[in-house]
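First the structure, in the form of structure tokens, and then the observations on it.
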Number of protein chains: 2
Amino acid sequence: MKIYNSSTAPNPRRVRIFLAEKGITVPYEEVDIVKAVNRTPEFRKKNPLGLLPVLELDDGTCISESVAICRYFEELYPEPPLMGRGAKERAIIEMWNRRMELYLFIPVADAFRHQHEFFKGRIVQVPEYAQLQHQNAQKAFSWLDEILADRPYIAGDQFSIADITALCAVDFARVSKIRIQPEQKNLARWYEAVSSRPSAKA
Amino acid sequence: MKIYNSSTAPNPRRVRIFLAEKGITVPYEEVDIVKAVNRTPEFRKKNPLGLLPVLELDDGTCISESVAICRYFEELYPEPPLMGRGAKERAIIEMWNRRMELYLFIPVADAFRHQHEFFKGRIVQVPEYAQLQHQNAQKAFSWLDEILADRPYIAGDQFSIADITALCAVDFARVSKIRIQPEQKNLARWYEAVSSRPSAKA
């Protein structure tokens with residue numbers, strides 16, 4: 001078993017943090033995204049979309065999509081739970097994780113992808129969309145600050161995969177100059193708490 | 001328990017099909033999206049994002065995000081499984097469901113949202129992005145046709161939530177004039193099979 005990884009991209013970091021929180025060690029194989037090794041026909045046998053991370057099992061099965069990889073390990077190693085216990089808690093954490101993906105992580109990623117030099121020639125860029133998503137990402141920061149007014153973590157009292165998704169998004173937002181604002185004190189408190197967990201360095 | 005529903009929007013349909021496949025009956029309360037009832041402060045107490053569907057539990061807990069609602073019922077009523085059995089199968093189905101969301105459903109939705117009259121004044125539209133996502137949706141149809149060359153359903157031999165997501169996306173694509181092409185015979189065969197299940201009418 002191994003994980004095809006990029007140490008600089010935000011999605012592989014989600015999986016690394018998840019595994020660090022669980023205390024699971026899986027070998028990582030670095031894939032050079034600057035040289036577009038992930039876009040080669042050989043790599044696309046592992047993930048036709050040419051994206052990282054990819055978990056390769058010992059039987060050759062390749063699983064991509066960060067949360068699908070996390071789900072695999074959550075099923076095998078339920079403790080500590082990062083996706084909830086029981087139907088209601090699992091649904092609430094899934095809701096919050098998806099909100100963090102759809103309304104924070106994706107806008108942050110689009111703000112970067114649709115205007116940055118790195119993606120020129122790699123994707124069709126729409127700079128006007130980058131601007132819109134830049135604004136949406138800033139709105140998501142404000143919303144997150146409100147959410148965190150009455151609880152320590154995004155989905156409630158416990159650290160979960162939703163916090164991992166949000167942390168990776170907030171850190172990735174810096175490349176687009178989207179930062180926590182001085183008045184966003186709840187968001188700042190949460191950021192300090194989740195960033196200082198040992199897993200954040202994974 | 002009830003579900004706030006829109007009988008014309010694609011996301012609530014995902015949940016209705018999921019429940020029909022499980023044989024679960026939950027009362028639906030129709031929310032008038034044309035009159036933007038979902039955007040009112042009162043509805044936003046149930047989902048601050050103003051989106052449908054929303055599952056309201058008897059204790060008042062509101063769960064939004066279609067897949068989070070599906071997860072809730074999958075946990076309570078595992079048979080027939082629509083999200084897989086065991087770690088590996090669950091991860092593979094999650095991977096395929098996410099691929100259908102990110103590379104099919106979202107492009108289809110964006111192709112509509114960013115150019116259609118209905119969303120004028122409701123969201124900031126970027127028509128150039130609508131065009132790009134229109135093309136991406138067409139590419140996803142082609143990819144899906146390839147995927148379905150060697151298997152009956154999107155994630156393998158069994159009907160799963162990935163098929164539900166894809167069916168709702170393919171049907172929703174018609175409003176943007178994106179249709180299964182005559183040469184996409186695998187996709188057409190799959191579409192015929194999933195559309196003729198009784199759940200498709202839910």
Count the net charge of all other residues whose Cβ sits under 15 Å from the Cβ of B:Arg151, scoring Lys and Arg as +1 and Asp and Glu as -1.
-3
PRE reach from B:Leu102 (point 7 Å along Cα→Cβ): which of region A:70-91 fall under 20 Å by backbone N?
A:70-75, A:83
Scalar couplings 3J(HN,Hα) for region B:80-94 by Karplus 6.51 cos²θ - 1.76 cosθ + 1.60 (θ = phi - 60°), nearest whole Hz, x for Gly and Pro, are x, x, 10, 10, x, 10, x, 4, 5, 5, 5, 5, 5, 5, 4
Toward the positive end of the charge dipole of region A:2-76, about the Cα centre and with charges on Cβ (Lys, Arg +1; Asp, Glu -1), which of A:Ile63, A:Pro27, A:Pro12 goes farthest?
A:Pro12
From the P(r) of region B:1-103, can you give the percent of Cα pairs sitting at distances over 24 Å?
26 percent
Mind checking the dipole of region B:100-202: about its Cα centre, +1 per Lys or Arg Cβ, -1 per Asp or Glu Cβ, Debye to the nearest 20?
360 debye
Cβ-vector label at 7 Å, A:Val26, separations to other copies in nm
3.0
How much net charge surrounds B:Leu187 when only the other residues with a Cβ under 15 Å from the Cβ of B:Leu187 are counted, with Lys and Arg +1 and Asp and Glu -1?
0
Considering only C-alpha atoms, what is the centroid distance from region B:148-201 to region A:141-155, in Å?
38 Å
So how far apart, in nm, are the two label points at A:Lys88 and B:Glu79 if each is 7 Å from Cα heading toward Cβ?
2.6 nm
In whole Hz, the Karplus estimates of ³J(HN,Hα) for region B:106-118 (6.51, -1.76, 1.60; θ = phi - 60°; x where Gly or Pro) are 5, x, 4, 5, 5, 4, 7, 4, 7, 9, 7, 3, 4
Around A:Val54, which amide H atoms from residues at least 5 apart in sequence, or from another chain, sit under 5 Å from its own amide H, with H modelled in the peptide plane?
A:Tyr4
Candidates per trypsin sites (Lys or Arg not before Pro) in region B:88-142, loop by DSSP, up to 15 other Cβ within 10 Å
B:Arg122
Alpha-carbon Debye profile of region B:43-202, log10 I(q)/I(0) at 0.21 Å⁻¹
-1.39
Please identify, among B:Cys70, B:Cys62, B:Cys168, the residue showing maximal mean-square fluctuation in a Gaussian network model of chain B using a 10 angstrom Cα cutoff.
B:Cys62
Would you be so kind as to identify which of B:Gln125, B:Val108, B:Ile180 lies farthest towards the positive end of the dipole of region B:86-201, taking Lys and Arg as +1 and Asp and Glu as -1 on Cβ and the Cα centre as origin?
B:Gln125
In percent, what relative contact order does region B:86-201 have, based on Cα pairs under 8 Å that are 6 or more apart in sequence?
31 percent
Can you tell me the length gained on complete extension of the stretch B:Gln135 to B:Ala188, counting 0.36 nm per residue apart and subtracting the Cα distance?
17.2 nm
Student exercise, the protein assembly as shown dipole from Lys, Arg, Asp, Glu Cβ charges, in Debye to nearest 20:
760 debye
Pseudo-label separations to other copies for B:Ala193 - Cα-to-Cβ vector, 7 Å, nm:
4.8
Answer in debye to the nearest 20: the dipole magnitude of chain B about its Cα centre, from +1 Lys/Arg and -1 Asp/Glu charges placed on Cβ, is 400 debye
Normalised contact order of chain A, rounded percent, pairs of Cα under 8 Å and 6 or more residues apart:
22 percent
10 Å-binned pair-distance histogram of the protein assembly as shown (Cα, whole percent)
5, 22, 34, 30, 9, 0
Students often get this wrong: which residues of region B:72-110 have the backbone nitrogen under 15 Å from the point 7 angstrom along Cα-to-C-beta of A:Lys45?
none
Backbone HN-Hα couplings from phi across region A:143-154 [Karplus 6.51/-1.76/1.60, Hz, Gly and Pro as x]:
4, 4, 4, 5, 3, 7, 5, 10, 7, x, 10, 5
Taking the label point 7 Å from Cα along the Cα-Cβ vector, the copy-to-copy distances for A:Lys120, listed from shortest in nm with one decimal, are 3.6
To confirm my reading of the symmetry, which residue of chain B has the Cβ nearest the axis that brings B onto A, and what whole-Å distance does it have?
B:Tyr129, 2
Here are some pairs, A:Lys177/B:Lys46; A:Lys201/B:Lys46; A:Lys46/B:Lys185; A:Lys185/B:Lys45; B:Lys35/B:Lys177; B:Lys120/B:Lys177; which of them have Cα atoms lying more than 28 Å apart in this structure?
A:Lys177/B:Lys46; A:Lys201/B:Lys46
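Quick note: the coordinates plus some simple rules give every number you see, no bench work behind them. Keep in mind that what you see is a predicted model, and the values were worked out from it rather than measured. Glycine gets a Cβ as well: all are built from the backbone with ideal geometry, and neighbour counts include every protein chain shown.
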